[in-house]
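The values are calculated or read from the model by the stated rules, or taken from the named source; none is laboratory data. It should be emphasised that the depicted structure is a prediction, and the values quoted were computed from it without experimental measurement. Cβ placement follows ideal geometry from the backbone for every residue including glycine, while neighbour counts extend to all protein chains displayed.
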Amino acid sequence: MPSRTYNQGVVMESKATVVSIVPFPIDEEKPGLIPGSYHIDASLNEEPICLTIGDSFFYVYIDADRGNLRVPAPSYQVAHSICFDYISAQLEAAESCHPGIFWKNGLWTPKRVKEEAKEELAMARSAQFNWFTELVKRADDDWQKYRAHYAISDTQRYALRAVDPENSKDREWVLAIKPDKEVSQVCPACGSEVPDTAIICRFCQFVLNADKYKTMSFAKLVVR
């Protein structure tokens with residue numbers, strides 16, 4: 001287990017590094033932890049992106065007399081949590097089949113990772129390729145079931161282009177379908193944004209179009 005260093009009796013802050021080759025930006029929130037927001041830029045062509053992690057802390061309430069106890073969260077625990085939580089949240093993630101993200105104790109740069117962590121970098125690339133492959137399989141299955149573009153994520157579309165760029169156009173679901181931009185209006189009662197075609201506000205039930213509302217046989221609300 002990594003430990004903090006001491007200099008003339010003073011505890012020095014520990015450091016860890018999260019390494020990512022994930023082609024998407026990563027934002028991890030750790031509620032209660034200070035600091036608790038972590039952002040990692042998207043990787044281009046599987047070039048390692050490094051995020052330095054320092055020590056954090058959180059408070060535990062004891063009682064009215066003693067108040068809150070400040071509890072340290074060492075950098076390596078935070079780095080581990082960022083990687084574990086991000087991977088666990090992904091569809092089809094499993095052992096040796098997950099986004100290419102890992103952590104190292106200490107300070108690391110992309111250059112150092114490529115020179116001194118070649119084995120871990122290779123494992124991350126292999127795991128990410130396996131993950132992309134499984135995402136494509138899942139997309140194929142979901143397309144056969146639902147035949148609906150909304151059932152396929154942009155991550156799965158990217159995965160297909162990553163594992164099989166030459167034949168990616170063969171899948172109907174690879175094309176991202178963007179709905180036409182819907183004209184909206186603001187409800188005068190609650191201020192919510194609703195479609196311009198809405199007759200009743202879905203949030204507060206205010207009647208937006210009295211004429212059309214009166215033609216509805218199922219309408220029960222009182223016209224305002």
Residue list for the range 59-79, restricted to those being under 26 Å from the mean Cα position of the chain (by Cα) and either not assigned by TED's automatic domain parsing to the domain that holds Tyr38 or not hydroxyl-bearing (Ser, Thr, Tyr) (or both): Pro72, Ala73, Pro74, Gln77, Val78, Ala79
Selection count where residues are at pLDDT 95 or above and over 16 Å from Asp85 (Cα atoms), scope the range 1-20: 2
Residue in the range 104-115 that is touching a Leu at 6+ places or on another chain (Cβ under 7 Å) and assigned by TED's automatic domain parsing to the domain that holds Pro23 present: yes
Some residue of the range 70-88 being in contact with a His (Cβ under 7 Å, 6 or more places away or on another chain), free of Cβ contacts under 8 Å to residues at least 60 places away in the same chain and not hydroxyl-bearing (Ser, Thr, Tyr): yes
Residue count for the range 40-66, restricted to those that are surrounded by 10 or more Cβ atoms within 10 Å (Cβ to Cβ) and either within 26 Å of Glu120 (Cβ to Cβ) or of a type in the set (Gly, Ala, Ser) (or both): 15
Residues satisfying the stated conditions in the range 142-162, i.e. farther than 22 Å from Ile87 by Cα and of a type in the set (D, E, K, R): Lys145, Arg147
Hits in the range 131-158 (condition: assigned to a helix (DSSP H, G or I) and among the β-branched types (Val, Ile, Thr)): Thr133, Val136, Thr155
Residues (outside any loop (DSSP other than H, G, I, E, B) and surrounded by 15 or more Cβ atoms within 10 Å (Cβ to Cβ)) located in the range 83-109: Cys83, Tyr86, Ile87, Cys97, Ile101, Phe102, Trp103, Lys104, Asn105
Candidate set from the range 110-135 (those that are surrounded by 13 or more Cβ atoms within 10 Å (Cβ to Cβ) and among the small types (Gly, Ala, Ser)); member that is farthest from the chain's Cα centre (by Cα): Ala117
